[in-house]
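Data block below; observations after.
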Amino acid sequence: MKKQLIATLAGGFILFIWQFLSWTVLNVHGAEFKYSANQDKVLEALAQNLEEGTFMFPQAPPGSSQEEQQKFMESSISKPWATVSYHKSMDMNMGMNMFRAFVVDMAAVFLLVWLLLKSTNLTFNSALLSSLAVGAIGYLTIPYLNSIWFQTNSMGYIIDLVGQWGLVGAWLGWWLTRNAAQ
């Protein structure tokens, strides 16, 4: 149990530190968000026209029949479209956000450790490759699929996959296999 707890705490910390560096110092995700010199005008227009939430434009009105939705989508081909997450007030509660992220990272590593410890012949390589596989599953099913449907850049998430799950896998591969008797 002690081995699993230490593996989880250190692995979660590695994951958290990588994510912090990825989004700040390394700016791995910088290409995902663009600057607009018209941001004040756009925000003013959004404030006048939207309630808080996430929107996709254009979209057929709720309650439209299948036929109406199909006709609307056909009329939208080759026209501009957007996805917008709008909030009426910026709240940068970094303390709570970082705490929640840390808890999620711990839970993710705990689940990975649990899976790895089910292996009857765990090696450094199998722990590393399993960790990368878990990262790849997460990448492929969320950021990559979103990049397909919403035509966004997911390169930062590929870098995160290799960086964070590679480091966590290397740690777990070393720690969990260093002394099989523990």
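The values are calculated or read from the model by the stated rules, or taken from the named source; none is laboratory data. Given the structure is predicted, the values throughout are model-derived calculations rather than measurements. In this analysis, Cβ positions are derived from the backbone assuming ideal geometry, glycine residues included, and neighbour counts consider all displayed protein chains. Each accessible area value is taken on the protein alone, full model and side chains, heavy atoms only, with ligands, DNA and RNA left out. Shrake-Rupley method; radii C 1.70, N 1.55, O 1.52, S 1.80 Å.
Observations, loosely collected:
- Check on Gly156, assigned to a helix (DSSP H, G or I) and within 21 Å of Leu9 (Cβ to Cβ): no
- The combined condition, being basic (Lys, Arg) and closer than 20 Å to Ser154 by Cα, is not fulfilled by Lys3.
- Selection from the range 61-74 of residues that are within 24 Å of Leu46 (Cβ to Cβ) and either touching an Asp or Glu at 6+ places or on another chain (Cβ under 6 Å) or among the polar types (S, T, N, Q) (or both): Ser64
- Single unsatisfied condition, Asn121 versus (1) closer than 20 Å to Ala170 by Cβ; (2) open to solvent by 70 Å² or more (accessible area, probe 1.4 Å); (3) within 18 Å of the chain's Cα centre (by Cα): (3)
- Across the range 158-182, the number of residues qualifying as open to solvent by less than 70 Å² (accessible area, probe 1.4 Å) and touching a helix residue (DSSP H, G or I) at 6+ places or on another chain (Cβ under 8 Å) comes to 16.
- Of all residues in the range 87-118 being farther than 14 Å from Gly11 by Cα and small (Gly, Ala, Ser), the one that is farthest from the chain's Cα centre (by Cα): Ser89
- Just one of the numbered conditions (1) within 18 Å of Trp18 (Cα to Cα); (2) touching a Phe, Trp or Tyr at 6+ places or on another chain (Cβ under 7 Å); (3) without any contact (Cβ under 8 Å) to a residue 60 or more places away in the chain is not true of Ala101: (3).
- Scanning the range 104-118 for residues that are without any contact (Cβ under 8 Å) to a residue 40 or more places away in the chain and within 21 Å of Asn179 (Cβ to Cβ), we see that the one that is surrounded by the most Cβ atoms within 10 Å (Cβ to Cβ) is Leu115.
- Qualifying position, being farther than 21 Å from Ile14 by Cα and either assigned to a loop (DSSP other than H, G, I, E, B) or at pLDDT 95 or above (or both), among Ala136, Ala181: Ala181
- Flag if Ile148 is farther than 18 Å from Phe16 by Cα, within 19 Å of the chain's Cα centre (by Cα) and not polar (S, T, N, Q): yes
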